[in-house]
Structure formats: C-alpha cells, structure tokens
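Read through the structure below, which is laid out as structure tokens, and then see the notes.
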Amino acid sequence: MKTILVTGGLGFIGSHTCVNLLESGFRVLIVDSNKIASNSIIQRIKQIGKLNNLDFTKKVLFFEGDIRDETFLTNVFDKARKNGTNIDAVIHFAGLKSVKESVRNPLKYWDVNVNGSINLFRVMNQQNCKTVVFSSSATVYGYYNKDLTEDLDLNPSNPYGFTKVAIEKVLKNIFDSDKDNWRIANLRYFNPIGAHPTGLIGENPKNIPENIFPYICQVALGIRNKLFVFGNDWPTKDGTCVRDYIHIMDLAEAHKSALNFLQNNDPQNIDLNIGTGKGTTVLELIAEFNFANKCSINFEFANRRNGDVAQIKADIKKVSSILKWNPKNNLKNMCIDGLKWQKLNPNGFE
Ligand code: WQD
C-alpha cells in the first residue's frame, strides 16, 4: 500500500482528494494547521468509508502543524519511516487562496504559500521523496480572451496568482537540478464547486463567502438575503462573466490520476489544466441552480468586482490525453450536491 502525504488535507479540495485516495487503496497522512474542525472532518472522511463498507481507521492519520515548520515536517517523515510506511509522494494543497485577501496582505501570502512550499520541497528532497502533485490555479494565466492552454505565458493579476506562479517556478528549478529523480505535476484548477454526494464534506468558507457558489447556496437557505451579480455589462452572451465550473469529485479524481501517472512514468515536470472545457455565465449558473434545486435565487446586478475578467475557460485536451481523465459530473450534479452539503451543514463543520 502506498503512503501519500497530503498537505492542507482538511480543506475543501484536500478532503475530497483524501477520500478518493483512501477509496483507491492509498494510505493518507494529512498535514494541516486547521485546529478547529480537524476531528470533525477526519471523522466524516472515515464515515464516508464506512458507507462504502471500507474501514479507513488505520489508513488516515492527521498531523496538526504548519508546513513552514521544518522540524514538524521532518518528524512526520521520520514517524512514517519508523512505522514502516515511508511516504511515497506528496499532494500539496496547503496555502491561502483568497484573491481579495492576497491584495490586502501580500506578505502573508508570499510567506505562507511560497516559504511554506519551499520548506516542504526542502524536506522532501532531504527525505528523498521526489514525487509531488501541486495545487496550482487558473489564476496563474491572467486574462486571455480564449480557451486557456498550458503553454500560454503566465501573467497573474493578483498576489495570490503570483505566489502560485512562483511555486511552479521553484518546482521547475528543482526539476532542472535533478531531472532523473523528480516527478512533478502542477494542476491548474478552474472553478471547483459542489460537494461529496453524501453531504458529509463540502466547501466550508470561514466568513462571508467570496466565491459565488457557496454564496448562492447560502442565499438558497436564507442565510444570505440575495446574491449580488458583479456586472452585467461584460462582453459575453448575457453580459455576465463566464467561468469553467468543475465538480469537486472530478477534481479529486484528477489528483489521483495525476499521482498514478507520475508514479508509473519517467521523471517529468508537467502542467495540466483541470476544468471541464465548458463555459457558464453567472446567469446560466443561477438558472441551473434554480432548476436543479427547484428554488429561486434572489439576485440583483451590482458593479463589477476588481480583478474579475470576462472569461476563464480551460482547454483540457492535454489532461484528457495524458491522464485519460475527463470530468464525469455536469452542472446539475454540482448544484444538487453543493446545496445538499449546505442544507445538512448550515454552519459548516463547526
Ligand atoms: C465566479 C464568478 C464573479 C461572487 C476564484 C479565484 C480562483 C479560484 C476560484 C483558487 C465571477 C461572480 C462572485 C459573488 C458574483 N480559487 N460573482 N457574485 O473569481 O472565478 O475564481 O475562485 O484557486 O483562483 O480567483 O471565482 O466564485 O469568486 O467568481 O457575481 O458574490 O462569479 O464576478 O464572474 P473566480 P468566484
């Protein structure tokens, strides 16, 4: 059984990826600094296993700590080795992800995201663990008025995006220094939404959701009064922004596929777009959400949000060809699964 270290494994994407890895027979070591909800999330991951007659008890371990702490990370690797469960690879999610907050507090983002990643890669190198799937983002591209392909120049428009580009460049330099041993995949996510179909885990924004989907779910439950649609004068089919929404379960599967690909192929450093290749306007998302959940989301148009762009949509030919991965869920699934999570957990994991 292979052992995978998942940094940020208690987060929205990390927790769904851990479930996918456990269901696929991996052992998972979760490193996360989240103090508040860790027990609840771990218990729910195990509960999902039980629902599928799988016992995750001995296959998921949690280590509370910060990836900027080299001693803590080294201890995690040492403990795994002492237990006879050497860490075979790392999936690296840990980091801050708010565009708005990164503009207000860039130093925090450069410290946590970049220094944290450098520390992790340093410990991996010392421990001779040289396979990593990195949680990157479509934000690295900046604005292009076309479907995004991995070969485009990277021109992020916010500090968060710059940290993701910086981490990809650090990984490129590490790879170039030791091409015979490092296996690296940068997964550039588009807009992950939805939740696990059981409703046991899902997106758990700390305060008022910045992202549209959790906000819509809270409007649907009456937690928020209405959705403000940021601009209806964009150069798109209905004047609202186009995004490439992908079900979190498909995104989790993409991580497992990338991991298997790296472990079964020669050392390499690849960039992969993880989206659906389908564009959806904000008004189309609202309409699909209403149809799927038989509800009526109250909304009004507001000014454009700083930093937004008209369209962000993936070209997924490369990931489909290399990983033989394709998204299985449609927008309706995303809307149904996302609201189910919110209904069952109006206050998130707390
Ligand atoms: C989607 C659309 C808004 C909220 C961000 C990050 C990206 C990635 C995903 C980390 C936009 C509109 C939003 C609202 C609205 N995260 N909107 N009212 O901005 O595409 O991407 O999250 O990797 O890096 O940039 O996602 O959900 O914030 O916005 O009208 O209350 O919904 O204008 O067009 P975004 P989002």
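Taking Cα atoms only, the orientation of helix 116-126 departs from the longest principal axis of the chain by about 30 degrees.
What number comes out for accessible area per residue over the stretch 1-120 if the probe is 1.4 Å? Units Å², please. Numbers along the way, then the final one.
On the way: 5480 Å² over 120 residues.
It amounts to 46 Å² per residue over the stretch 1-120.
Ignoring ligands, DNA and RNA, please state the percent of accessible area on the stretch 194-350 from carbon and sulfur, probe 1.4 Å. So the carbon and sulfur contribution to the accessible surface is 49 percent.
Given the DSSP H assignment, sum -39500 (n - 2.57) over each helix run of at least 4 residues in the chain and divide by its residue total; what's the result at 222 nm in deg cm²/dmol, nearest 500? Before the final figure, lay out each step's value.
On the way: 12 runs with 137 residues, N = 350.
Only helices count here, giving -12000 deg cm²/dmol.
Bridge orientation summary for the chain: considering DSSP beta bridges with both residues in this region, about 5 percent are antiparallel.
Rounded, prolate or oblate for the stretch 30-141? Axes are the square roots of the Cα gyration tensor eigenvalues, ordered a ≥ b ≥ c, and the cut-off for rounded is a/c under 1.5.
Working: a/c = 1.96, a/b = 1.30, b/c = 1.51.
It is oblate, given that a/c is not under 1.5 and a/b is not larger than b/c.
The length gained on full extension between T71 and R304, counted as 0.36 nm times the residue separation minus their Cα-Cα distance, comes to 79.4 nm.
For the chain, the longest principal axis of the C-alpha atoms and the axis of helix 38-51 are separated by about 90°.
Farthest toward the positive end of the dipole of the chain, out of V132, Q342, S33, is the Cα of Q342, where the dipole comes from beta carbon charges about the Cα centre.
For Y143, the solvent-accessible surface computed with a 1.4 Å probe is close to 110 Å², ligands and nucleic acids excluded.
Could you please state, rounded to a whole Å, how far the C-alpha centre of the stretch 180-203 is from the C-alpha centre of the stretch 318-337? About 11 Å separates the Cα centre of the stretch 180-203 from the one of the stretch 318-337.
Filter the trypsin sites (Lys or Arg not before Pro) in the stretch 86-176 to those in DSSP coil with at most 14 other Cβ atoms within 10 Å of their Cβ, and list the result. Of the trypsin sites (Lys or Arg not before Pro), the ones in loops of the stretch 86-176 whose Cβ has at most 14 other Cβ atoms within 10 Å are K146. The H on the amide N of V242, modeled in the peptide plane, is under 5 Å from the matching H of Q311, I312, each at least 5 residues off or on a different chain. Springs join every pair of Cα atoms under 10 Å in this Gaussian network model of the chain, and among F213, F299, F190 the largest mean-square fluctuation is at F299. Backbone amide hydrogens, once placed in the peptide plane, bring V229 within less than 5 Å of E300, F301, A302, excluding anything fewer than 5 places away on its chain. Which shape class, rounded, prolate or oblate, goes with the stretch 179-224 when its Cα gyration tensor gives a ≥ b ≥ c as root eigenvalues, a/c under 1.5 marks rounded, and past that a/b bigger than b/c marks prolate? Prolate, because a/c is 1.5 or more and a/b exceeds b/c.
When the accessible area of the stretch 58-106 is split by element with a 1.4 Å probe, what percent falls to carbon and sulfur? Ligands and nucleic acids excluded, carbon and sulfur give 50 percent.
Distances between placed amide hydrogens fall under 5 Å for G95 paired with no residue 5 or more residues away or on another chain.
Rounded to the nearest 10 degrees, the angle from helix 159-177 to the longest Cα principal axis of the chain is 30 degrees. Compute the distance from the alpha-carbon center of the stretch 116-170 to that of the stretch 233-249, in whole Å. What the calculation gives is 23 Å, centre to centre.
The values are calculated or read from the model by the stated rules, or taken from the named source; none is laboratory data. Remember, it's a predicted structure, so these values are computed and weren't measured experimentally. No Cβ is skipped: glycine too gets one built from the backbone with ideal geometry, and neighbour counts run over all protein chains shown. Heads up: the accessible areas ignore ligands, DNA and RNA and are worked out on the full protein's heavy atoms, side chains in. Shrake-Rupley method; radii C 1.70, N 1.55, O 1.52, S 1.80 Å.
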